[in-house]
1. Just need the relative contact order of the range 152-209 here, percent rounded to a whole number, with Cα pairs under 8 Å and 6+ apart.
2. Which length gain, in nm to one decimal place, applies between residue 282 and residue 334 when the Cα-Cα distance is subtracted from 0.36 nm times their residue separation?
3. Provide the gained length on full extension for the span residue 262 to residue 308, in nm with one decimal, where the gain is 0.36 nm per separating residue minus the Cα-Cα distance.
4. Would you give the gap between the C-alpha center of the range 221-252 and the C-alpha center of the range 310-389, rounded to a whole Å?
5. In Å, the Kirkwood hydrodynamic radius of the range 295-353 over pairs of distinct alpha carbons?
6. Which residues in the range 256-279 place their backbone N less than 15 Å from a point set 7 Å from the Cα of residue 298 along the Cα-to-Cβ direction?
7. Treat the count of other C-beta atoms within 10 Å as a stand-in for reagent exposure and order 254, 414, 342 from fewest to most.
8. Tell me, what is the FRET efficiency for residue 183 and residue 411 to the nearest 0.05, using R0 = 30 angstrom and their Cβ-Cβ distance as r?
């Protein structure tokens, strides 16, 4: 009985030992999944390449920022020069394809930003369109409220005037001069001036026959034509201070078209009391003339007293007139700063005769001598002498008014 038990135990031990040996042998033998075909010179398949590279990827314990940077590096591609194939960077190991997918949240975020920017752009464009329409409506309102827009051009006389203006444009200068002479009008001036003069005469006569208004608005009873002279050098430095040495005024009646009176006074400079030789020769003003003259504040006070005696600003309306912007916007402004006096209120806006001339005769801006030549007048007096320049400017203004120009403010003082 005892022998039988020992036999059974020994048999169990032998069976367990065999089972362990068989299991160990099975685990140590190569698996069929890892058996590879012999190398025949062909490159490994794409799947095996991916398998080997996947083992080189960072472990799952890496931070999200590291995984994101790896994704970004992996997405970088470049196009080949000769074909349309795409190559990956060989120094960046590719990640699994599922990691290359773009998150839907990222797409929604980018679309949201684009939609927000497009909404802002649409809102901005809408505001600009609204502002543009408001400005256009304001301009239309201003244009419609002007006297020219209030005229009714449906009258047949305007068609007749247009046809006649066309015939005037085709006339030669000799024909224009002969026609103006027959009508008893001034036949001096360039062809452009003569055409404008003849057109104005025909238009005025035609409107009078049709019973329509032909009057040009007279905004001011008088024009105070001013042309100051100031200290200067042959080559003026940038910081040179110009001081007025002559302050003339020519009083022009816009209704009677006559020069009624003049005011002229020399001024003693303070900053540069000694006149340069170039300045004296240019203006024909000597050193003795300015040495015995009053300073500018005293001269301006005398000029304003003279203007009050003429009733300017009280009985009669008036405006300052010059042939450029320098007289008011540079010389007078600078002189008031040097003299430490207030700039005159009545001189903050003025009539630039050269602008009126260019607009009426359809020419470019011309200097004093050229304007006189264009209307067939010669310069009278000493050039660059204040009172003589002012008189010649007044002569041009008279001819402009006769030819139908409207004298109104067209320049103003710029901020200092």
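Every read-out reported here was derived from the displayed coordinates using simple, explicitly stated rules and does not represent laboratory data. Please read these numbers as outputs of a predicted model, since none were measured by experiment. Neighbour counts run over all protein chains shown; Cβ positions are idealised from the backbone, glycine included.
1. Relative contact order comes out at 37 percent.
2. Gain on extension, residue 282 to residue 334, equals 16.6 nm.
3. Value of the extension gain: 15.2 nm.
4. Computed from Cα coordinates, the inter-centre distance equals 10 Å.
5. 12.3 Å
6. Answer for this model: 265-270.
7. Details: 254 20, 414 10, 342 7.
Starting with the residue having the fewest Cβ neighbours, the order is 342, 414, 254.
8. Using R0 = 30 Å, I get an efficiency of 0.30.
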